[in-house]
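Engineer: A single structure is presented below for examination.
Bear in mind these aren't lab numbers, they're just calculated from the coordinates by the rules spelled out. Computed from a prediction, not measured in an experiment: that's the story for all the values here. Virtual Cβ from ideal backbone geometry, glycine too; neighbours counted across all protein chains shown.
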Amino acid sequence: MNRKTTDTLVGLFVVLGLGALLFLSLKAGNLASFSFAQGYEVRARFDNIGGLKVRAPVKSAGVVVGRVSAIDFDLKTYRADVTIELDSRYVFPKDSSAKILTSGLLGEQYLGLQAGGDVANLAQGDRITLTQSAVVLENLIGQFLYGKAAEGGTQ
């Protein structure tokens, strides 16, 4: 192989390596799913969102149907106000419920939508009223330990 061919192959290898690093960084940052499809925004309030982040997936039946677009704190109700961008291909009844779930035991958190049975569908700006907050592992451990301490103190 001559020098020019070797330099070309090395350059191609470096470009492929940089492309792979870019792909991995987008995947790690949850930005790999670029979507220019039109969608509609709905909102939901939660007592505790745990580790839910902006751009977290919104799934229904295991299928990604949207993304969390914003998370705010409501100063009147002292609850988290989550804005959800749903893909326009997916239509959900107005009485659908939302809950914060975790992938695996200690994985990332995502928002799960469970379709209701109403004949009217969610539209731009609607609010999902049936919500279930995240289960925080530290709270569960604390409740368990507190319960065990209370049992031990009564004997």
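Engineer: Using modelled amide H (1.01 Å from N, peptide plane; none on Pro or chain starts), what sits under 5 Å from the amide H of G50, excluding residues fewer than 5 places away?
Structural biologist: It is A134, by chain and number.
Engineer: I would also like to ask the following. Enumerate the amide H contacts of V65 below 5 Å, restricted to partners 5 or more residues apart or on another chain; note that Pro and chain-start residues carry no placed amide H.
Structural biologist: V58, K59, S60
Engineer: Okay, moving on. Compute the helix-to-body angle for 137-153: its Cα long axis versus the longest principal axis of the chain, expressed 0 to 90° and rounded to tens.
Structural biologist: Relative to the chain, helix 137-153 is tipped by roughly 40 degrees.
Engineer: Continuing with this model, one more query. Which value, to two decimals, describes the C-alpha radius of gyration of the chain once divided by 2.2 N^0.38 Å?
Structural biologist: 1.49
Engineer: Same structure, new question: Name the long-range amide H neighbours of G116: under 5 Å, sequence gap of 5 or more, or other chain; modelled H, no Pro or chain starts.
Structural biologist: HN-HN under 5 Å from G116: D95, S96, S97.
Engineer: Contact order normalised by length for the chain, with contacts defined as Cα pairs under 8 Å and 6 or more residues apart; what percent is it?
Structural biologist: Relative contact order here is 23 percent.
Engineer: Ok, one more. Given the pairs K27/K99; K94/K148; K27/K76, which span a C-alpha to C-alpha distance of over 32 angstrom in this model?
Structural biologist: Details: K27/K99 24 Å; K94/K148 42 Å; K27/K76 36 Å.
Violating the 32 Å Cα-Cα cut-off are K94/K148; K27/K76.
Engineer: Moving on to the next point. In degrees from 0 to 90, rounded to the nearest 10, what is the angle of the helix 3-28 Cα long axis to the longest principal axis of the chain?
Structural biologist: Once rounded, one gets 10 degrees.
Engineer: Could you order the peptides 55-63, 119-127 from most to least packed, using the average number of other C-beta atoms within 10 Å per residue?
Structural biologist: Ranked by mean Cβ neighbours within 10 Å, highest first: 55-63, 119-127.
Engineer: What does the helix-only formula give at 222 nm for the chain: each DSSP H stretch with n ≥ 4 adding -39500 (n - 2.57), the total divided by the residues, and the result rounded to the nearest 500 deg cm²/dmol?
Structural biologist: One gets -9500 deg cm²/dmol as the mean residue ellipticity at 222 nm.
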